[in-house]
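Undergrad: Provided herewith is a single structure, encoded as C-alpha cells, for subsequent inquiry.
None of the figures in this text is laboratory data; all of them are computed from the coordinates on show. Just so it is clear, the model here is predicted, and its values are computed rather than measured. A quick note on method: Cβ atoms are made from the backbone with ideal geometry, for glycine too, and the neighbour counts reach across all protein chains shown.
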Amino acid sequence: MLRRIVFIVLALVLAPPALADGLAQLDFGIISTDSSSAIRSRYEPMFHDLEAALGMPVKLYLAGDYAGMIQAMRFGKVQIARFGNKSAAEAVDRSDGEVAFRAVDHDGMMGYHSVLIVHRDSPLQSVDDVLREAPTLAFGAGDPNSTSGTLVPGYYVFAKHGVDPKKLFKRIAIANHETNALVVANRQVDVATNNDIALERLARAAPEKRALIRVIWTSPLIPNDPFVWRKDLPDDLKQKIAAFFLAYGVEGPPDRLAHERAVLDGLKWQRIIRSSNAQLVPTRQIELFTERLKLAEDESLAGDEKARRLAEIDAKLKALEAMAGS
C-alpha cells in the first residue's frame, strides 16, 4: 500500500502541469542559436502584434539550448515555442507538445539544409577527406538536440559510414550555429556542422567572416522548424493564435499588411502555415535508422536480444512509413 502511495505521489510530481484556462500571459520560446539582441529584434515585432490580437501579454522566453526549452515546455514555463525537428519530437514525446505551424521561407522554400563547413583555405574538400583525417582534426558539433547541427549530419555523414564522431576526432567542441561558423572562420576548429539559413544570416551580419567559410557537404532538404504548442492550451486561445499566424502578412488592410510583411521579411519568411506531428516522421526515421545501424554492429549483445530489438525498431519504422503514406 505504501509503495502504491509513493508511486502516485511521484507520478503527480513528475507529470507535466496542466495549464489553467485563465492563462495570464503567453510565453513564446525561441532557442538562442544567435545573439539574444538579434533574436529579440527579429521576433519581438511579431510578438507585439500577437499580443494585440490576443488581448494578453506575449513574452519572449529565450533558452540557451534545446534541452532547456523542452524542459521549459514540460513544466509550463512556455506554452508555444519554435523548435528544430529533432527537439520538436522530444517536446511532443516528453512535454505534452503538438506541432501546430511552420514558416515558409521568403523564397518559398519549405525547408533548409544541414552543412559541413571548413575555412576557405582548408585542404578538406569532402566528407571522405574529413573521415580520413578525423584523428587529426578539431570538430565543431551542434547542440545534441539540434536537427541540422547533430541529427542529420550524425546520420548522413557518420552513421551511414559506420563511424562514431565521439571516437573519431582529435577534439570536439559543442556550440550553436553562430559560434560554430565563427570558430571555423577563425581557424579554431577544422570542420563544423551548420545550416544554410544560419550562413545566410552570417553573410548579412558579418560578410567578412562568411567569406572565410566554405561548404563541403550539403544534406537533403530538412522541413522548416515547427512551432509547437502545448496540447492543453485552451481551445479558444488555440483558435485565436491560429487565426493570427495564418492571416499574418496575408490578409488585412493594406497598411497592416505592409507592416506585417516587413516583419516577416526581417525573419526571412514569406508566411506561416499549418503543420502537424506528421512533419516529424523523417526525423524519427533518421533517429531509428541510426539506432538500428549501431545496434546491428553491436557485438556485445546476445543474438536473441539483438534480434528482438532490431524487430522492435523495424516495427516502428514500418509504422512511420504508414504514417508518412497516409
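Undergrad: Under 24 Å from the Cα of Lys209, which lysines turn up, not counting those fewer than eight places away in the same chain?
TA: Lys268
Undergrad: While we're here: According to the square roots a ≥ b ≥ c of the eigenvalues of the Cα gyration tensor, what is the shape class of the range 27-110, taking rounded for a/c under 1.5, prolate for a/b larger than b/c otherwise, and oblate for the remainder?
TA: rounded
Undergrad: Something else now. Order of Thr290, Thr283, Thr218 from fewest to most other C-beta atoms within 10 Å?
TA: Arranged by neighbour count, lowest to highest, Thr290, Thr283, Thr218 become Thr218, Thr290, Thr283.
Undergrad: Separate question: With 10 angstrom as the radius, rank Thr150, Thr33 by how many other C-beta atoms surround their C-beta, starting from the fewest.
TA: Thr150, Thr33
Undergrad: A further question follows. Calculated FRET efficiency, Leu301 and Met323, Cβ-Cβ r, R0 45 Å, to nearest 0.05?
TA: 0.95
Undergrad: Calculate how large, on average over all directions, the projected area of the Cα convex hull of the chain is; give the answer in nm² to one decimal.
TA: Taking the Cα atoms of the chain, their convex hull projects to 20.6 nm² on average.
Undergrad: Rank these for me by crowding, His113, His177, going from fewest to most other beta carbons within 10 Å.
TA: Neighbour counts put them in this order, fewest first: His113, His177.
Undergrad: Counting only the backbone N, which residues of the range 105-120 are under 18 Å from the spot 7 Å out from the Cα of Val163 toward its beta-carbon?
TA: 115-119
Undergrad: Tally the DSSP beta bridges in the chain and give the antiparallel ones as a percent, rounded to 5.
TA: 60
Undergrad: Continuing with the same structure: Taking 30 Å as R0, compute the FRET efficiency from the Cβ-Cβ separation of Asp107 and Ile174 and round it to 0.05.
TA: According to the calculation, E is roughly 0.50.
Undergrad: Cα gyration tensor of the range 282-325, axes a ≥ b ≥ c as square roots of the eigenvalues: rounded (a/c below 1.5), prolate (a/b > b/c) or oblate?
TA: Cα axes put the range 282-325 in the oblate bin.
Undergrad: A follow-up question, please. What length, rounded to one decimal in nm, is gained on full extension from Leu293 through to Thr218, with 0.36 nm per residue of separation minus their alpha-carbon distance?
TA: So the chain would gain 24.8 nm between Leu293 and Thr218.
Undergrad: Hey, another quick one. Looking at the square roots a ≥ b ≥ c of the eigenvalues of the Cα gyration tensor of the range 192-326, which shape do they give, rounded for a/c under 1.5, prolate if a/b is larger than b/c, or oblate?
TA: Cα axes put the range 192-326 in the oblate bin.
Undergrad: Once you have the Cα-Cα distance between Glu251 and Gln125, take 0.36 nm times their residue separation minus that, and quote the gain in nm to one decimal.
TA: Stretched fully, the Glu251-Gln125 segment lengthens by 40.7 nm.
Undergrad: Net charge around Leu212, counting only other residues with Cβ within less than 14 Å of its Cβ (Lys, Arg = +1; Asp, Glu = -1)?
TA: +2
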